[in-house]
Structure formats: structure tokens, C-alpha cells
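Have a look at the structure below, then the notes.
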Amino acid sequence: MGGQSVRTVIALCAAGLLAAGTGTASAAPAASPANAHPAHAVQRPKGRPVLVDCFFKPQTRPDAFILACGDGNSRLSSLHWSQWNDRSAVAKGLNFVNDCKPYCAAGRFHSYPVIVRLDRPEPWKKHPHTQRFTRLSLVFPAARPDGYQRTETYALWD
């Protein structure tokens, strides 16, 4: 894994840890009466899955998305969605990545064509009746940032 990928993973992990520490009891689902749903009934979240952004806002078919919440050094832009259903979503767009040379504050952003795939929907802890995508994959069909593989896969925050 290259330096930029490591920085991106660290930023995503830090954002996830920060978010986990800021939860409140009000985010927990309310208890339901014992007779409201039989024990064997499974309540499936309603609606299409969402993409949760850095500010914990649900997004559907966003035209842009920040991948590196901690520093903004990797972001998606010009997203055009060809699919968004109960299992996955697919878009084409650009990944703008800071080369961090000689260091990130002085670095330059470079754009790379990318195919974005979202999948593995699960209930969102903050809103248990809402499905959210839990995995994002980037496929670079041509050039890609130094240290990146042709396909990069990230676990998304909750």
C-alpha cells in the first residue's frame, strides 16, 4: 500500500473513531412494545440504501463525495450514476488526489478517471430503519495515483 493510500486509510479510520466517540443515547432506537412485532419478524429498513458523508448526512446519487474526511486530500467529483438499487450503486467520475509533495499543504491535486461501486448495504446505526452502503470500491481504468492499485476498496463509516 502506497503512502497516499496509507494516509487515506488512516484518515478514514480517524474519522470513524471520532464519530464512534461522539454518539449519544438519543441515537439508539426506542424500545418497542413486546407485542408490536413477533419475535421471528425481521424488520428490513425501508427505501434504497444511502451513502453517508463525512458530516453523517445521507446522500443518494451525490455528484461529489469526500473520501478523506480528515484532510480532504482525496475526493470524488463529477459523479454520474448509472445504477442505484437495493444491493449496489455504480458511477463514473473523477478522483481528485493530493500528491502531498513535498507535503500535503503544499501538494497539488491530480484528477484520475474512476468507476465507483458501492455495495454491502446494512442498517445505519444512527438511523436503524435506513440502509447504508458499507463498502466503496474505486476502479482506475487508466492512470492512477502513485501507490494505488487498479482497484482500491474502502470500508465506509457508520
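The values are calculated or read from the model by the stated rules, or taken from the named source; none is laboratory data. Keep in mind it's a predicted model, so treat the numbers as computed, not measured. When we count neighbours, we look across all protein chains shown, and the Cβ atoms used for this are built from the backbone with ideal geometry, even at glycine.
Just wondering, is there one or more residues in region 119-131 that are surrounded by 15 or more Cβ atoms within 10 Å (Cβ to Cβ), of a type in the set (S, T, N, Q) and more than 12 Å from ASN95 (Cβ to Cβ)? The answer is yes, given that some residue of region 119-131 is surrounded by 15 or more Cβ atoms within 10 Å (Cβ to Cβ), of a type in the set (S, T, N, Q) and more than 12 Å from ASN95 (Cβ to Cβ).
Condition check ((1) assigned to a strand (DSSP E or B); (2) of a type outside the set (A, V, I, L, M); (3) more than 24 Å from ASN98 (Cα to Cα)) across all residues:
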| position | (1), (2), (3) |
| --- | --- |
| GLY47 | no, yes, yes |
| ASP63 | no, yes, no |
| GLY70 | no, yes, no |
| ARG75 | yes, yes, no |
| SER78 | yes, yes, no |
| SER82 | yes, yes, yes |
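Within region 129-137, is there a residue that is among the aliphatic types (A, V, I, L, M) and either within 24 Å of THR60 (Cβ to Cβ) or in contact with an Asp or Glu (Cβ under 8 Å, 6 or more places away or on another chain) (or both)? Checked against the condition, which is being among the aliphatic types (A, V, I, L, M) and either within 24 Å of THR60 (Cβ to Cβ) or in contact with an Asp or Glu (Cβ under 8 Å, 6 or more places away or on another chain) (or both), region 129-137 yields at least one hit.
Within region 138-154, the residues that satisfy the criterion of being assigned to a strand (DSSP E or B) and either surrounded by 17 or more Cβ atoms within 10 Å (Cβ to Cβ) or touching a residue at least 24 places away in the same chain (Cβ under 8 Å) (or both) are LEU138, VAL139, GLU152, TYR154.
This table checks each residue for (1) at pLDDT 95 or above; (2) surrounded by 17 or more Cβ atoms within 10 Å (Cβ to Cβ); (3) not acidic (Asp, Glu).
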site: VAL9; (1), (2), (3): no, no, yes
site: ALA14; (1), (2), (3): no, no, yes
site: ALA19; (1), (2), (3): no, yes, yes
site: SER32; (1), (2), (3): no, no, yes
site: ALA39; (1), (2), (3): no, no, yes
site: ARG48; (1), (2), (3): no, no, yes
site: CYS69; (1), (2), (3): no, yes, yes
site: SER74; (1), (2), (3): yes, yes, yes
site: ASP86; (1), (2), (3): yes, no, no
